[in-house]
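Engineer: Got a structure here, written out as structure tokens. Questions coming.
The values are calculated or read from the model by the stated rules, or taken from the named source; none is laboratory data. Bear in mind that the values here come from a model prediction, so they are computed numbers and not experimental data. Note that each Cβ is placed from the backbone with ideal geometry, even for glycine, and that neighbours are counted across all protein chains shown.
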Amino acid sequence: MPQPAGDLRFARGSYRSVAGEIKSAWSLEGDMYKLDVSIPPNTTADVWIRSAHGTIVTESGKDIRTIKNIETLPSSDGYTIVRVGSGDYQFQARR
């Protein structure tokens, strides 16, 4: 998954897997980190979302903790980690 580095403000990438195309794009707008991902049918993915400690992460404007098909996993230094099924997702968090 493309990640912020240096003075980059956005990036996108894709990979054609045996299950279908996996897509990811991120952007930085002020202190907000936005991440769009597409997961192919009949698959799951662990998505690492850059986020400041204690930040509420949203998907399409809704708190991820209230969305039943998004499983929140233990966080890792500077990231909120979620497990999602196939579909398109738009995550946002303060970094």
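Engineer: Report yes if D77 is within 18 Å of R16 (Cα to Cα) and among the charged types (D, E, K, R), otherwise no. Outline the logic, then answer.
Structural biologist: Numbers: within 18 Å of R16 (Cα to Cα): no; among the charged types (D, E, K, R): yes.
Considered against the rule, which asks whether it is within 18 Å of R16 (Cα to Cα) and among the charged types (D, E, K, R), D77 comes out as no.
Engineer: For segment 46-67, what are the residues that are free of Cβ contacts under 8 Å to residues at least 40 places away in the same chain and either of a type in the set (A, V, I, L, M, F, W, C) or under 11 Å from R83 (Cα atoms) (or both)?
Structural biologist: D46, I56, V57, I64, I67
Listed here are the residues, each with its yes/no results for (1) modelled with pLDDT of 95 or more; (2) on the phi > 0 side of the Ramachandran plot; (3) of a type in the set (D, E, K, R).
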site	(1), (2), (3)
P2	no, no, no
G20	yes, yes, no
S38	yes, no, no
D46	yes, no, yes
S51	no, no, no
V57	yes, no, no
K62	yes, no, yes
E71	yes, no, yes
G78	no, yes, no
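Engineer: Going by the conditions given, is S38 out of contact with any Lys or Arg (no Cβ under 6 Å at 6 or more places or on another chain) and touching a residue at least 12 places away in the same chain (Cβ under 8 Å)? Outline the logic, then answer.
Structural biologist: On the way: out of contact with any Lys or Arg (no Cβ under 6 Å at 6 or more places or on another chain): no; touching a residue at least 12 places away in the same chain (Cβ under 8 Å): yes.
So S38 fails the test.
Yes or no, residue by residue, for (1) of a type in the set (A, V, I, L, M, F, W, C); (2) out of contact with any Leu (no Cβ under 9 Å at 6 or more places or on another chain):
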{"residue": "I22", "(1), (2)": "yes, yes"}
{"residue": "W26", "(1), (2)": "yes, no"}
{"residue": "D46", "(1), (2)": "no, no"}
{"residue": "I49", "(1), (2)": "yes, no"}
{"residue": "G54", "(1), (2)": "no, yes"}
{"residue": "T58", "(1), (2)": "no, yes"}
{"residue": "T66", "(1), (2)": "no, yes"}
{"residue": "T80", "(1), (2)": "no, no"}
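Engineer: How about segment 50-70: which of its residues are closer than 15 Å to D88 by Cα and not hydroxyl-bearing (S, T, Y)?
Structural biologist: Taking segment 50-70 and keeping what is closer than 15 Å to D88 by Cα, we get 58-62, 64, 67, 69-70.
Answer for segment 50-70, where residues must be closer than 15 Å to D88 by Cα and not hydroxyl-bearing (S, T, Y): E59, G61, K62, I64, I67, N69, I70.
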